[in-house]
1. Collect the residues in segment 31-80 that are in contact with a Leu (Cβ under 9 Å, 6 or more places away or on another chain), open to solvent by 60 Å² or more (accessible area, probe 1.4 Å) and over 30 Å from ARG98 (Cα atoms), keeping them in residue-number order.
2. Tell me, yes or no, whether segment 24-34 has at least one residue that is of a type in the set (Phe, Trp, Tyr) and without any contact (Cβ under 8 Å) to a residue 12 or more places away in the chain.
3. Search segment 89-107 for residues that are over 20 Å from HIS27 (Cα atoms) and open to solvent by less than 80 Å² (accessible area, probe 1.4 Å) and pair each with any residue that is in a loop (DSSP other than H, G, I, E, B) and polar (S, T, N, Q) when their beta-carbon atoms are under 6 Å apart and the residues are at least 6 apart or on different chains.
4. What are the residue pairs meeting all of these: first residue in segment 57-84, first residue free of Cβ contacts under 8 Å to residues at least 40 places away in the same chain, second residue of a type in the set (Asp, Glu) and buried (at least 16 other Cβ atoms within 10 Å of the Cβ), Cβ atoms under 7 Å, and 6 or more apart or on different chains?
5. When you go through ALA110, ALA50 one by one, which is the residue that is of a type in the set (Gly, Ala, Ser), over 15 Å from ASP22 (Cα atoms), within 16 Å of the chain's Cα centre (by Cα) and modelled with pLDDT under 90?
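The values are calculated or read from the model by the stated rules, or taken from the named source; none is laboratory data. On a predicted model such as this, the values are computed, not experimentally measured, just so you know. Cβ sites come from the backbone with ideal geometry, for glycine too, and all protein chains shown count toward neighbours. Surface accessibility is based on the protein's heavy atoms, side chains included, excluding ligands, DNA and RNA. Shrake-Rupley method; radii C 1.70, N 1.55, O 1.52, S 1.80 Å.
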Amino acid sequence: PPPLPELYFGFLSHMQAQAASDAAAVHALLGRYGFRCWWDMRQRRLTVDAMVEGVKASRVFVLILTRDTLTRPFCQLELMCAVTERKRIIALVETDPRFYRFDSAAFAEAAEKVTAGGGGPPP
């Protein structure tokens, strides 16, 4: 099938329980400067197909990384779609321990285990 037309500057991916306010702020700030973003809280149709279409119709993929973002099935699906579609990925990493800080050391350790085991998911 032909690629979808680019309708959005970015697709905002986040874990709602940990980054809803961050996503709202990014959406508002980018919108203020004329950059339209796909954000789940502004979608009439919120299905897996709609998320995939949103990623495909976006120029970039904005991933708001908090402690548990990468454990969430929808965030994983969105990220894998972005990788498959070869989207530029912009990671906004939470570093403040008061707000679900992303643990980059734990992520690096897990990634090392996956790649050492041949690239598949951990057992």
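1. Across segment 31-80, the qualifying residues are VAL48, GLU53, LYS56.
2. Scanning segment 24-34, I find at least one residue that is of a type in the set (Phe, Trp, Tyr) and without any contact (Cβ under 8 Å) to a residue 12 or more places away in the chain, so the answer is yes.
3. Filtered contacts from segment 89-107: PHE102/THR66.
4. Listed by first residue and then by second, the contacts come to LEU65/GLU94.
5. ALA50
The rows are residues; the columns are (1) of a type outside the set (A, V, I, L, M); (2) at pLDDT 90 or above.
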{"site": "PHE35", "(1), (2)": "yes, yes"}
{"site": "ARG45", "(1), (2)": "yes, no"}
{"site": "VAL55", "(1), (2)": "no, yes"}
{"site": "PHE61", "(1), (2)": "yes, yes"}
{"site": "THR66", "(1), (2)": "yes, yes"}
{"site": "THR71", "(1), (2)": "yes, no"}
